[in-house]
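Enquirer: One structure coming up, written as structure tokens, with questions to follow.
The values are calculated or read from the model by the stated rules, or taken from the named source; none is laboratory data. Because the structure is predicted, anything quoted here is derived from the model rather than measured. Note that we place each Cβ from the backbone using ideal geometry, even for glycine, and neighbour counts take in every protein chain shown. Note: areas computed on protein heavy atoms with side chains; ligands, DNA, RNA excluded. Shrake-Rupley method; radii C 1.70, N 1.55, O 1.52, S 1.80 Å.
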There are 2 protein chains.
Amino acid sequence: MDPRRKVELFLERPMRPSRSGATHKGSLVIIGGHEDRTGEKLILREVADRLGDDGKIVVCTVASAEPDALWEQYESAFRALKVPHVFRLDIESRGDAATERSMRILEGATGVFLTGGDQLKITSQIGDTPVYSRMQEILQEGGVIAGTSAGASAMSATMLVANNGDASYRIKSSLLMAPGLGFAEDMLIDQHFAERGRMARLIGAVTQNPRVLGVGIDEDTAMIVERNRTFQVLGVGAVYVVDASKTTYSNIGDEDSDRTLSSFGLTVHMLSQGDRFDLDTRTPHPQPAESMERDEKRETGTR
Amino acid sequence: MDPRRKVELFLERPMRPSRSGATHKGSLVIIGGHEDRTGEKLILREVADRLGDDGKIVVCTVASAEPDALWEQYESAFRALKVPHVFRLDIESRGDAATERSMRILEGATGVFLTGGDQLKITSQIGDTPVYSRMQEILQEGGVIAGTSAGASAMSATMLVANNGDASYRIKSSLLMAPGLGFAEDMLIDQHFAERGRMARLIGAVTQNPRVLGVGIDEDTAMIVERNRTFQVLGVGAVYVVDASKTTYSNIGDEDSDRTLSSFGLTVHMLSQGDRFDLDTRTPHPQPAESMERDEKRETGTR
């Protein structure tokens, strides 16, 4: 094939390594933090609905510095949502992620929920452990992996690490990364997005390698990823997609990482509840308001 | 001319009403708030440099609820920067903007500086007054109009009005607008941008009419607009340009303004110090790091 045609083909349908066909049947519920746990519980309800008739959810509090309080909140919420089996997995050291006890807790689980806290605690303590393998298996079996705040960031293959000391617009602020759990392929996920003004650092992160799609999720808002092919938005805030594939210039290679970022020609989509996004073609699709009302009526049984 | 060619022509060079040729010789220094007033004073120095050899600046504190304290800060700063004539214009009521006293203060002024506060106080008290006409004249004469925070927002033809009570991602949050002073043609300017996470409401604002270019300015950062044709970035943060001209879908016309925004296909540029932007073609141009160092050396006389 001549070189020019190869360029044309890439433009028509970019080939990205992990978009090559290997998918699973499971779904990811990735939440921007501070989801409602006591009221309507729209997002947690979506998690519960995906667990199946004899569903079992395991709430993993590994990220948190106050795991007991968080566990109480999620236990109440999932019990109120009539999830048949609600279990807790706390991992205080890496050793805990390789015990028979932990694996027994995950036995038969159809969903795992990663709470907020510190994403590095999640990856350092469960990365490459039997617990991590079991989570992958749950996805393969068609189950749900959900995560909020730090639990959302950890879904990325490469994840941003919180950095509240520096201004988001510095190059170095978008360079603070670590390998994530990799459930959300080819995406780099940031949370508390509008609330903490994180657009600049997400732009920086995807400018470093435009192969990765940037996704910023507002609080009490989730993206539901199906088979790593599409996602849909649920919740009160927005989900922002930052696609750097058409950028023409950046100063990210600048020697001085204390410099402010430049990045020209980004494509940004702002999605709200019901909107869908095709991860293969990087194209957003709106859901008309009427069909949402229909969905709501169906859900509440008042059609 | 056949209709198809007209479409092609628009795509090649979009004709926007106020970009039709009428320009002035002056410059605008539009600042995202919290500019340094006691240290290096990079941005205020730029304002001072543009006032001319026998420069006269008038600091207009109309927006502020604490005008005396602000005036003291700016008076010290501009005197330290060796501006020959530093005057204050406080306007407590609309009547003050039509007095001979006010006009005398503005006599011979080569620059006006609008402080922060409430942008509605600026427009409601000086819009369509002799003071406003005099500011236009200063621009025509090649002078400087500078503004920070509320003073930056007020530069727009249509300006966003602060709305800290609502989440930025609601349609209604980007609908709170008022007619501005219109010095920055075809632009809608937002300030404290990364710091207050305002990307969503700026996206909403430009989605309403993509003819207007959205510009978000970080704190201690300025855009220097020359003849309303180009601007350049100065300061520690970034300037974000949001161009909605290629958007394909939005829900901005949705009846429920409490809904969360959707807007697909925005073009976003993130610019840092030295970068330029062509307002006619909506194209960013980088300034290479080497030439910036050269500029810095020239400024400090160490070349």
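Enquirer: Which Cα, out of B:Leu9, B:Ile171, B:Gly235, lies furthest along the positive dipole direction of chain B (beta carbon charges, K/R +1, D/E -1)?
Expert: B:Leu9
Enquirer: Here's something else I'd like to know. Taking amide hydrogens as modeled 1.01 Å from N in the peptide plane, which residues meet the under 5 Å criterion relative to A:Ala146, leaving out close sequence neighbours?
Expert: For A:Ala146, the qualifying residues are A:Val29, A:Val112, A:Phe113, A:Leu114.
Enquirer: Greater than 31 Å separation of Cα atoms is the criterion. Which listed pairs, A:Lys172/B:Lys25; A:Lys25/A:Lys121; B:Lys41/B:Lys246; B:Lys6/B:Lys121; A:Lys121/B:Lys172; A:Lys172/B:Lys56, meet it?
Expert: The answer is A:Lys172/B:Lys25; B:Lys41/B:Lys246; B:Lys6/B:Lys121; A:Lys121/B:Lys172; A:Lys172/B:Lys56.
Enquirer: With Kirkwood's inverse mean 1/r over C-alpha pairs for Rh, give me the Rg to Rh ratio of the protein assembly as shown, two decimals please.
Expert: Across the protein assembly as shown, the Cα-based Rg/Rh ratio is 1.02.
Enquirer: Suppose every Lys and Arg Cβ carries +1 and every Asp and Glu Cβ carries -1, with no other charges. What dipole size does chain A come out with about its Cα centre, to the nearest 20 debye?
Expert: 740 debye
Enquirer: Run the helix sum for chain B: -39,500 (n - 2.57) per DSSP H stretch of 4+ residues, divided by residue count, reported at 222 nm to the nearest 500 deg cm²/dmol.
Expert: -8000 deg cm²/dmol, from helical runs alone.
Enquirer: Give me, ordered by chain and number, the residues 5 or more places off B:Thr230 or on other chains with an amide H under 5 Å from its own placed amide H.
Expert: Correct list: B:Leu279.
Enquirer: Turning to a different aspect of this structure: Return the carbon/sulfur percentage of the accessible area of the protein assembly as shown, one whole number, probe 1.4 Å, all protein chains in place.
Expert: 48 percent
Enquirer: One quarter of the convex hull surface, Cα atoms only: what value does that give for chain A in nm²?
Expert: 17.3 nm²
Enquirer: First check a/c for region A:66-109, with a ≥ b ≥ c the square roots of the eigenvalues of its C-alpha gyration tensor; if it is under 1.5, answer rounded, and if not, answer prolate when a/b is larger than b/c or oblate otherwise.
Expert: oblate
Enquirer: Please get the size of the charge dipole for the protein assembly as shown, origin at its Cα centre, with Cβ charges of +1 on Lys and Arg and -1 on Asp and Glu, quoted in debye to the nearest 20.
Expert: 1460 debye
Enquirer: What total accessible area, in Å², is buried where chains A and B meet, using a 1.4 Å probe and rounding to the nearest 100?
Expert: About 2800 Å² of accessible surface is lost on pairing.
Enquirer: Please say if region A:26-110 is rounded, prolate or oblate, where rounded means a/c under 1.5 for a ≥ b ≥ c the square roots of the C-alpha gyration tensor eigenvalues, and otherwise the choice is prolate for a/b larger than b/c and oblate otherwise?
Expert: oblate
Enquirer: Where a ≥ b ≥ c are the square roots of the eigenvalues of the C-alpha gyration tensor, would you call region B:211-277 rounded, which needs a/c under 1.5, or, failing that, prolate if a/b is larger than b/c, or oblate?
Expert: In terms of gyration-tensor shape, prolate.
Enquirer: Write down, largest first, the equivalent ellipsoid semi-axes of region A:108-202 in whole Å, where each equals the square root of 5 times an eigenvalue of the alpha-carbon gyration tensor.
Expert: 26, 12, 11
Enquirer: Follow-up. Which value, in Å², gives the accessible area per residue of chain B when a 1.4 Å probe is used on the protein heavy atoms?
Expert: That works out to 43 Å² per residue.
Enquirer: Taking amide H positions as placed 1.01 Å from N in the peptide plane, with prolines and chain starts having none, which residues 5 or more places from B:Ile91, or on another chain, fall under 5 Å of its amide H?
Expert: So B:Ile91 has HN proximity to B:Thr61, B:Val62.
Enquirer: Starting from region A:67-136, pick out the GluC sites (Glu not before Pro) whose DSSP state is loop and whose Cβ has at most 12 other Cβ atoms within 10 Å.
Expert: Answer in residue order: A:Glu92, A:Glu107.
Enquirer: Here's another thing I want to ask about it. If you filter region A:206-264 for chymotrypsin sites (Phe, Trp or Tyr not before Pro), then keep DSSP loop positions with at most 11 other Cβ within 10 Å, what is left?
Expert: Answer in residue order: no site qualifies.
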